[in-house]
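Where a number appears in this text, it was derived from the coordinates with a stated rule and is not lab data. None of these values were measured; they are calculated from a predicted model. In this analysis, Cβ positions are derived from the backbone assuming ideal geometry, glycine residues included, and neighbour counts consider all displayed protein chains.
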Amino acid sequence: MNDAAHNHQITIALAGNPNAGKTTLFNSLTGLKQKVANYPGVTVERKEGPWSVGDKTSKLVDLPGLYSLDATSLDEQIASEIIQGEYTGVSKPDAIVAVVDATNLERNLYLVTQILECGIPLVIALTMVDVFEKQKHEIDIEMLSVLLKTPIVAVNVKTGRGTKDLAAKVNEVLFTQPKSPLIFDSSGDEDEANGRIFARYNFISNAVQESVWHSDQSQHRFSEKIDRVLTHKFFGLVILVGILLLVFQTIFSWSSLPMDLLEQGFGAAAVFVRTQMPPGILTDLVADGIIAGVGGVVVFLPQILLLFLFISILEDSGYMARAAFLLDKLMSRVGLHGKAFLPLFSSFACAIPGIMATRTIENRRDRFATIMIAPFMSCSARLPVYTLMIAAFFAGQTVLGFISVGAILMLAMYTLGILVAVAAAFVLKRTLLKAPPPPFLMELPPYRVPNLRTVFQNMLTRAWLFLKRAGTVILAISIILWSLMYFPRSEQPSAGSEAGTTMTGAINAGDGRQTAENEPPPESEQLKNSYAGKLGHAIEPVISPLGFDWKIGVALIASFAAREVLVSTLSIIYNVGKDENEESETLIAAVRDAKKDDGKPAWTPLTALTLMVFFVLAMQCMSTLAIVRRETNSWRWPIFMMAYMTVLAYVAAFATYQGGKLLGFE
Amino acid sequence: MGHYQRSLGLETQKRLTNMTLTNLPAGQDARVTAITGKNAVTRRLMEMGVIPGVSVQMVKTGPFGDPIEIRVRGYSLAMRKNEADSIEVSV
């Protein structure tokens, strides 16, 4: 008995339509012991966990939802191949648990008929029976099971009732003789493939007719009543915009406190390291390279978590489908799919989860088009840059007496991103990614109260994936960047390192400005002579038509790894110290007072505006490029993305600066 | 019936019998008579349960006239007018 268990771990696959309760069931069967990773080469989630069946512990695999083994999207393809044992790296399942939604019986059973054709041991887990019966319908599970020639166990995915029976039934079918697969044939005079489809539904209808009694169908369902408003031709859209703005606003306001706390925490960690470790390269690497690098990613975690939380809630409740329904026409005018809405909306917090979410878009070209424009949605990493520029040059100004110029500029930057994205999608879909207009066929699931446990688990797993992905790349880039700014070491007085420590410590204590002015600050000299500084000088001729000098150039180079790095780099360049952020008074003042090598001010309001425009459009995130490479499975697309976005950013910044000068705004 | 048919032109006959989902007003029940078209969407449409003989109900259209929502086999399905045009129905 034990030998068998050691030699071959039982693999059980959980298959079913989207929205059938599959994931909730998976969570309740495996609890917190589930492992989430990715299928090789793609970012489709691979979820597995232990499930005791009989006296063995099986490996339960939660497959992506699918409607048919004849896949139309990447998700479905993987699920289909795994079911049929054709996915390399995943062993063919020893049994399948098909999750069938009782309120949606016939369509859910279609997949079941296809699995029956494969001849794999199968047990149906019938969910939502309580909901079904509440609608005054009746179902004779025994009879249905006989007619379908498949065991059925009713389970309540919320309470977990029935899961033990399910395990027992699965154990029963596991080592029985593989049944001869059912065959569904066309009746002759039709197209063969179509004929098979009709034959399957014929089988289903017969079985359902004998075992299910529907009450009067014409009573209005609750969902339909809600939908009268939510998918109303006019109010539906208004409500959608309202909800989006609300979610947006909440994410930003709720995350500011945790973000501040995290920033302080990392700042404290850096100080701790500098005071505890002997001064030298290793200390600097750990404090400025590693802690700063990791901190730079983790600080966005509150926003990412909140974004995923709201997305999970909206998805689970069924509202997301309505949003796609409402926006589809608009998006298809540009050549995009209604389902592209969710990835693009997510990209406002961070393009990485947004791009990962494109896997639900069936057509490869539509998916790629969405991926290519996702980074134009101004992500949260751009916010520190916008904030700094606005605080330094547009603070306190109002239009019409009460609307702050800063708010208008923020809105303008977001809008610019959206407009360019729309234009880019339009062009891409007509040229490189030309494809027939994407078909739109989507289920509108009934509204449900989101299952909190599923929502939270969803949020945590996605956030963890983000952290792993972004974290590793940003960490690596931060170290590289740190080296570029650190080497070669310029000549420093032997007390230099201590002065550095003291200065930083003093700045943290709040009176750093005085100390910094009395000694030649080693930081900016170091930066000037470093490789990064040399690079800044090298690109100066290219960026001066945009109004930038070499110091800004260094910051630009640094920010190509991660946008928010601009702020910390400017702090170093202007001798304000490494730990300042975009709200620091000293940094703001330093930016205003900064001078070019020829004595003229380095920054004007126009320069600030130009920089913001550049940041809206430029590809400045290595992690995003890494994700794009994974999603598109080639280097061509990330390289293309980098190229076309940089060109667009340059041209737009050029137009802004030169145009502004012509209009006399210098 | 035969007598009446002979007195109508061919085009009119076609129009009377080839009504599609897009011709249905909101709230109208109908029965699917045929699925025209042979692309991947048509196949998926049928796999989702929209096959000849099934009863459907037209629910509503989205803003700007597209997409449309129908009820079929107990659930709500949204599709573009394009797809809906390949579903022939009779009331």
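Here A:K149 and A:K434 are evaluated by their C-beta separation; at R0 = 45 Å the FRET efficiency comes out at 0.45.
Please say if region B:19-90 is rounded, prolate or oblate, where rounded means a/c under 1.5 for a ≥ b ≥ c the square roots of the C-alpha gyration tensor eigenvalues, and otherwise the choice is prolate for a/b larger than b/c and oblate otherwise? Numbers along the way, then the final one.
Values: a/c = 1.43, a/b = 1.20, b/c = 1.20.
It is rounded, given that a/c, with a ≥ b ≥ c, falls under 1.5.
Between A:Q84 and A:T250, the simple spin-label model (points 7 angstrom out along Cα→Cβ) gives 4.3 nm. Total lysine pairs in region A:2-213 at Cα distances under 12 Å, for residues eight or more apart or on different chains: 9.
Under a point-charge model restricted to the Cβ atoms of Lys and Arg (+1) and Asp and Glu (-1), what is the dipole moment magnitude of the protein assembly as shown relative to its Cα centre, in debye to the nearest 20? Show your work: numbers first, answer last.
Details: 68 positive and 68 negative charges, 262 e Å.
The calculated dipole for the protein assembly as shown is roughly 1260 debye.
Of the peptides A:391-398, A:415-422, the order by per-residue mean of other Cβ atoms within 10 Å, starting with the highest, comes out as A:415-422, A:391-398. Shape verdict for region A:550-666, please, from the Cα gyration tensor: rounded (a/c under 1.5), prolate (a/b greater than b/c) or oblate. It comes out oblate by the Cα gyration axes.
Cross-link partners for A:K534 among the lysines, with Cα-Cα distance under 29 Å and sequence neighbours closer than 8 places in the same chain left out: A:K551, A:K578, A:K595, A:K596, A:K600, A:K661. Region A:30-102 and region A:619-652 have Cα centres lying 32 Å from one another. Between the residues B:V50, B:V32, B:M19, the greatest Cα displacement towards the positive end of the dipole of region B:19-90, with unit charges on the Cβ of Lys, Arg, Asp and Glu, is found for B:V50. For the residues of B:57-68, the average number of beta carbons from a partner chain within 10 Å of their own beta carbon is 6.
Treating only the Cβ atoms of Lys and Arg (+1) and Asp and Glu (-1) as charged, compute the dipole magnitude of region A:195-293 about its Cα centre; round to the nearest 20 debye. Walk me through the numbers on the way to the answer.
On the way: 7 positive and 8 negative charges, 108 e Å.
Once rounded to the nearest 20, the dipole reads 520 debye.
Taking the C-alpha atoms only, the angle from helix A:550-559 to the longest principal axis of chain A is near 20 degrees.
Sorted by average packing, counted as other Cβ atoms within 10 angstrom per residue and highest first, what order do A:554-565, A:75-86, A:345-356, A:131-142 take? Show your work: numbers first, answer last.
Working: A:554-565: 23.8, A:75-86: 19.7, A:345-356: 25.2, A:131-142: 14.7.
Listed from highest to lowest mean packing, they are A:345-356, A:554-565, A:75-86, A:131-142.
With the charge dipole of the protein assembly as shown set up from +1 on Lys and Arg Cβ and -1 on Asp and Glu Cβ about the Cα centre, the Cα lying farthest toward the positive end among the listed residues B:S90, A:N529, A:Q77 is that of B:S90. The residue list A:T431, A:S483, A:A324 was ranked by how far each Cα lies along the charge dipole of chain A toward its positive end, using unit charges on Cβ atoms, and A:T431 comes out on top.
To the nearest 500 deg cm²/dmol, what mean residue ellipticity at 222 nm is calculated for chain A from DSSP H runs of n ≥ 4 alone, each contributing -39,500 (n - 2.57), summed and divided by the residues? Kindly include the intermediate steps, with their values, before the conclusion.
On the way: 30 runs with 395 residues, N = 666.
Taken over chain A, the calculation gives -19000 deg cm²/dmol.
Please compute, for peptide A:106-119, the average count of beta-carbon atoms on other protein chains lying within 10 Å of each residue's beta-carbon. Provide the component values of the computation, followed by the final result.
Working: counts 6, 9, 4, 2, 5, 1, 0, 0, 1, 0, 0, 0, 0, 0.
Counting other chains' Cβ atoms within 10 Å and averaging over A:106-119 gives 2.
Within the same chain, lysines fewer than 8 places from A:K233 are excluded, and of the rest, those with a Cα less than 16 Å from its Cα are A:K225, A:K329, B:K60, B:K81.
Please get the size of the charge dipole for region B:19-90, origin at its Cα centre, with Cβ charges of +1 on Lys and Arg and -1 on Asp and Glu, quoted in debye to the nearest 20.
140 debye
Size check on region A:42-95: the Cα extents along the three principal axes, sorted descending, read 38, 21, 20 Å. Once the Cβ-Cβ distance of A:L460 and A:K33 is raised to the sixth power relative to R0 = 22 Å, the FRET efficiency obtained is 0.95.
For the protein assembly as shown, just run the numbers: alpha carbon Rg, then divide by 2.2 N^0.38 Å, N being how many residues it has.
Compared with the compact-globule rule of thumb, the protein assembly as shown sits at 1.11.
Region A:224-267 and region A:452-474 have their alpha-carbon centroids 19 Å apart. Put simply, when A:650-660, A:260-270, A:542-552 are sorted by average Cβ atoms within 10 angstrom per residue, most first, you get A:542-552, A:650-660, A:260-270.
Take every residue in peptide A:332-340, count the Cβ atoms of other chains within 10 Å of its Cβ, and give the average of those counts. Mean partner shielding for this stretch: 1.
Is the shape of region A:77-197 best called rounded, prolate or oblate, per the rule: a/c under 1.5 gives rounded, else a/b larger than b/c gives prolate, else oblate, with a ≥ b ≥ c the square roots of the Cα gyration tensor eigenvalues?
Values: a/c = 1.79, a/b = 1.22, b/c = 1.48.
Since a/c reaches 1.5 but b/c is at least a/b, the shape of region A:77-197 is classed as oblate.
Using the Cβ-Cβ distance between A:H214 and A:T176 with R0 set to 35 Å, the FRET efficiency works out to roughly 0.55.
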